[in-house]
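Only one structure is covered here, and it is reproduced in the block below.
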Amino acid sequence: MKRTIAEIAKSVEKQGVRKTILDGLVDYENQSKNLNFSTFYDKNKVEEQIAELEKRLQAGEDLPLAGVTVGVKDNIQIKGWPTSCASNMLKGYISSFDADVIEKLKVAGAIFIAKLNMDEFAMGSSTEHSCFGVVKNPADTSRVAGGSSGGSAAAVASGALDVSLGSDTGGSIRQPAAFCGVYGFKPSYGTVSRHGLVSYGSSLDQIGPITNNINDIMVLHSIMSGYDDRDSTSIASQYKQIHKPVYCLLDEASLEGCDKDIIENYQSWANKIKENFETKTINLDFLKDSIAIYYLIATAEVSSNLAKFDGVRYGNRATEFEGYEDLVVKSRTNGFGSEVKRRIILGNFVLSAGYSDKYYKRAKQIRVLFKEKLQTILGENGILLTPTSPTPAFKIGENTGDPMKMYLSDLYTVFLNLVGFPGVSIPSSYNKTKLPLGLQFVSNHLTDDFLLKSVSELETKCISGGK
Amino acid sequence: MQNLLQKYKPTIGIEIHCQLATKTKLFCRCARETSSELEPNQHTCEVCLGLPGALPRINEHAVWQAIRFATAAKSSVSKQSFFMRKQYFYPDLPKGYQITQLTHPIGMGGSIELPSGGSVLLDRVQIEEDAGKILHKGKSSLVDLNRAGTPLIEIVSAPDMHSIDEALEYVKTVYRLVRFHKISDANMEKGNFRMDLNISLSPVNSKELGVRCEIKNVNSFRFAEKAINYEMLRQFQILEENQKIKQQTRGYDPDSDTTFPMRDKEDAHDYRYFDDPDLPVLDCGSQLKMDLDLEVDPIEAEKNLIKAGLNQETTTYFTESKANFNYLKECQKNLKNSKNLGKLAAFFMTEIKSNKEQDQNLEIFELFDPSKLAEIFNLVDGGVLSSKTAKKAADLYYKNKGLAILDIAKANGLIQVQDESKIKEVIQDVLDKNPKQLEEYRAGKTKLKGFFVGQIMKVSSGNFSPSLVQKILDKLLNA
């Protein structure tokens, strides 16, 4: 059942929070079984939260998210819940603290239904790299739901949950949202605390919402964002009031390599936008390098971030070993999956003596240039329109043997994480085989509110009568 | 050693790891203080245990302490410095990397002035976190992370020392500096102050440095002396046999006073340093505006106190900590005749500090009010108290703190009699009562003067001004 946060609030008023939540969950178990989007679900935990929620409502608390069912990507921690990161390395690990976003959502009255499937440690674009198995796309179960937040997108797209949380390091919220036909938002770097998110690429990671409409994105982002002193990269920002966006549309060259359906859909939206708003045409050829830069930086950071998983204190631990080194080698060898190992090895390589200057440091320098360049293109009020992904959802197993092809599908998403800008993917249309097609809107750093408001306004104007 | 020094010039560089005196750890709010009474892993949280999803946040006080050291060591403080990850696997290293500094440390360059003259150049001062500890029990090893994440500064000297004495003077001076300014507790038994010693020998006429060996984690000055000595002789022997020194990391064994190889250069880790993406550039602007509380330089202060007439032991005591130094300064402020500072300090050492050992746990200011101590010496200076009655007055004051020294002296008859006629009367009486001795004295047995002085002191309970007694007694004896 698909419903908006506003509708849920009305339902709570009418029929109480318990019924509202249970109504929302009618489809949950069935869908979860069909699509494999969940890694952990416990009815008792849901019951406990409903009881607690009823007490708080009775006490007169103002709970804007009361009744909203929330799914949480399994790399965001809820105290007392398992956090597996869809890895054998962490299977059975119970979190000892709440992520900052979980604290904030709890205060607002949200209840958490399930931990959601993902690519192992958020590395992947298809949720095929999960120790819990692949997530299926609700639009076509022979296809992937995208990744790494595939479970989060599939759960919302199927109507099993009202909203979900994902994490986005190179497109991991926006691409699965596009593949499944839902809304996915990656906020500006620093606006949402990473405290409690298991790090992949620390300088790239952001937590963001996946929903069925743009308004819910705005509601959730206003609750989830805000300064947190437990994350030193957190920013206390006052969003500037900006009016009148100028839409930056891609020239033909910048769409090279996209599926025909994707290009057609893009052009039709571009035309609608031209009719209603001020636009300019730009070239984003330099984006091609962003894939290489992204994989240099992300793998360097993750090779370091995953070093804590050594089998000594928690997580997967080899049963038989001789000495410390053997313990570490064995625990990591059988704990991590192949994609994770590939990126750890790559990251160690780019940071190693003699190569660091050539690869990692140069990547960091180019990253700075990217930011300057994009800032110049966008200016204060520019909003860039791109396809979210060059293709719609692909078949399960289609790309697993070809990591480079998989990496290239991140073309329109990774640059955003490199520069820290906000981006939202919206479902824009379907192709002939009824696969959802996503469009991505991007604006300058710390203009998140402006971006979301503009996209909301654009939807109203360009889709006559709404959806 | 003599042979060695004729042919080779030793070069020594030292890295000192010094735990900063802060309430909490470097990147979390766990208590820093570790003691043997703690349960293992009692002072830990998600950050210092390296749990997934936990992020570091800098302890501003630790940064302030590091800046204080850098400033005291004339190191140039970088307004913006970076934290980096030094990556290696070890059971006591929970994150798989240590957060430290490398390319942009908090302090660049600097020098430590040595009390004997000369100075040692510093390469840099960097902030970093300490690792935990491993306890070996039978076949298994247990990890205790109470110490993990405690703040350290690493003070890296240039290869700028050329003798054992110089190296020892350097580490002791750094030790005094950090203790005086309370930058560190520098408790060596607790491992709060550890030294890595880099030693090489080069032929006397060569400008190039020899191949160095690093002796890790030496935690006492005596061990440092022995380790350097052993290492120099070991390298000397190798060179004399025309062999090459292998660049090595070595350990020191205090039981045999020798060093032993830990790993060769070829086995050295590739630490894969990179900027920690969880920590933004460290902006020290606000700390630099704060009071660094470094007005007094203990080495300079020591020189001045020696000049003021204090002996070495007393000077060392009063420059050991800022409290001790401030105490003496407070005494000095109340002292009417500054020439008496040496006497006052010596009096404090013998009559107050060492006599009141049972109260050693008292803060120096609680031990004896400095203005009262100065008052005693002002009274001695004015002839009101003698050095003997001064001790009594001090004792009595110690038992009845709060009273005025003069009142104590008056109430207990400690005031020196200055009245010449009264003194003369008493002396005459003593002479009259001892006619035999007086006769012998006047017949030339002048040694008997001491006998009369003793008698006079007895009668007067030592309250007569000694100089007046001398003057009047001489006059009457020779009348």
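Couple of notes before you dig in:
- Part-to-part distance (alpha-carbon centres) for the stretch B:314-393 and the stretch B:245-265, which is given in Å: 48 Å
- Estimated distance in nm for a label pair at B:SER461 and B:SER220, the labels positioned 7 Å out from Cα along Cα-to-Cβ: 5.1 nm
- Helix-derived mean residue ellipticity, 222 nm - over chain A, DSSP H n ≥ 4, -39500 (n - 2.57), to 500: -12500 deg cm²/dmol
- Estimated FRET transfer efficiency when R0 is 60 angstrom, pair B:LYS244-B:LYS410 (beta carbons, to 0.05): 0.15
- Under 5 Å from the amide H of B:ARG250 lie the amide H atoms of B:GLU214, B:ILE215, B:LYS216, B:MET262, each residue being 5 or more positions distant or on a separate chain, with H modelled from the backbone and absent for Pro and chain starts.
- For the protein assembly as shown, the dipole from Cβ point charges (+1 on Lys and Arg, -1 on Asp and Glu) about the Cα centre works out to 1500 debye, to the nearest 20.
- Scattering profile of chain A at q = 0.13, 0.14 Å⁻¹ [log10 I(q)/I(0), Debye over alpha-carbon scatterers]: -1.18, -1.37
- Under-5 Å amide H pairs with A:GLY423, H placed in peptide plane, nonlocal only: A:LYS186
- 3J(HN,Hα) along the stretch B:40-51, derived from phi through the Karplus expression 6.51 cos²θ - 1.76 cosθ + 1.60 where θ = phi - 60°, amounts to x, 6, 6, 9, 9, 8, 4, 6, 7, 8, x, 6 Hz, with x in place of Gly and Pro.
- FRET efficiency for the pair A:GLU322 and A:ALA292, taken as 1/(1 + (r/R0)^6) with r the Cβ-Cβ distance and R0 = 51 Å, rounds to 0.80.
- Computed packing ranks the peptides B:176-189, B:60-73 as B:60-73, B:176-189, most packed first, by mean other Cβ atoms within 10 Å.
- Other residues within the sphere of radius under 10 Å centred on the Cβ of A:PHE40, judged by their own Cβ, net out at 0 (K and R +1, D and E -1).
- Computed from phi, the 3J(HN,Hα) profile of the stretch B:198-205 under the Karplus parametrisation 6.51, -1.76, 1.60 (θ = phi - 60°) reads 9, 10, 9, 10, 9, x, 3, 8 Hz, with x in place of Gly and Pro.
- Computed from Cα positions, the angle between helix B:60-72 and the longest principal axis of chain B comes to roughly 70 degrees.
- Distance from the stretch A:236-313 to the stretch A:368-425 (C-alpha centre basis), Å: 3 Å
- Peptide B:53-63, shielding by other chains (average Cβ, 10 Å cutoff): 5
- Residues whose amide H falls under 5 Å from that of A:SER193, counting only those 5 or more places apart or on a different chain, are A:GLY226, with hydrogens built in the peptide plane.
- Model label sites at A:GLN15 and A:LYS341, defined 7 Å from Cα along the beta-carbon direction, differ in position by 5.1 nm.
- Taken about its Cα centre, the stretch B:298-387 carries a charge dipole of roughly 400 debye when the Cβ of each Lys and Arg holds +1 and the Cβ of each Asp and Glu holds -1.
- Peptides B:431-442, B:142-153, A:427-438 ranked from most to least packed, by the mean per-residue count of other Cβ atoms within 10 Å: B:142-153, A:427-438, B:431-442.
- For the protein assembly as shown, the mean projected area of the C-alpha convex hull, equal to one quarter of the hull surface, is 54.5 nm².
- Taking the DSSP beta bridges with both ends in the stretch B:2-289, the antiparallel portion is around 95 percent.
- Note that the stretch B:245-261 has calculated 3J(HN,Hα) couplings of 6, 8, 5, 9, 9, 10, x, 10, 10, x, 6, 10, 6, 10, 10, 9, x Hz, one per residue in order, obtained from phi through the Karplus relation 6.51 cos²θ - 1.76 cosθ + 1.60 (θ = phi - 60°); glycine and proline are x.
- Given A:LYS91/A:LYS405; A:LYS106/A:LYS308; A:LYS330/B:LYS139; A:LYS308/B:LYS137; A:LYS2/A:LYS461; B:LYS303/B:LYS401, the pairs whose alpha carbons are separated by over 31 Å: B:LYS303/B:LYS401
- Over 22 Å apart at the Cα level, from the set A:LYS104/A:LYS136; A:LYS115/B:LYS86; B:LYS25/B:LYS86, are A:LYS104/A:LYS136; A:LYS115/B:LYS86.
- Extension gain from B:LEU142 to B:GLU37, taking 0.36 nm per residue of separation minus the Cα-Cα distance: 36.1 nm
- Distance from the Cα centroid of the stretch B:450-479 to that of the stretch B:121-149 is 69 Å (rounded to whole angstrom).
- Under 14 Å, Cβ to Cβ, from A:THR400 - net charge with Lys/Arg +1 and Asp/Glu -1: -2
- Cross-link pairs A:LYS288/A:LYS358; A:LYS14/A:LYS186; B:LYS339/B:LYS424 - those with Cα-Cα distance over 23 Å: A:LYS14/A:LYS186; B:LYS339/B:LYS424
- With each label modelled as a point 7 angstrom along the Cα→C-beta vector, the A:LYS79-B:LYS471 pair spans 8.3 nm.
- Shape category assigned to the stretch A:398-464 from the gyration tensor of Cα positions, a/c cut at 1.5: oblate
- Cα gyration tensor shape of the stretch B:298-387, rounded if a/c is under 1.5, else prolate or oblate by comparing a/b with b/c: oblate
- Contact order for chain B, expressed relative to its length and based on alpha carbon pairs under 8 Å spaced 6+ residues apart, stands at 14 percent.
- Cα-based shape type of the stretch A:201-305, given that a ≥ b ≥ c are square roots of the gyration tensor eigenvalues and the cut on a/c is 1.5: oblate
- If the convex hull is drawn through the Cα atoms of the stretch B:116-242, its volume per residue in Å³: 152 Å³
Bear in mind that the values in this text are calculations on the coordinates, not laboratory data. As the structure is a computational prediction, the values presented were derived from the model and not from experiment. Cβ atoms come from the backbone with ideal geometry, glycine included; neighbour counts cover every protein chain shown.
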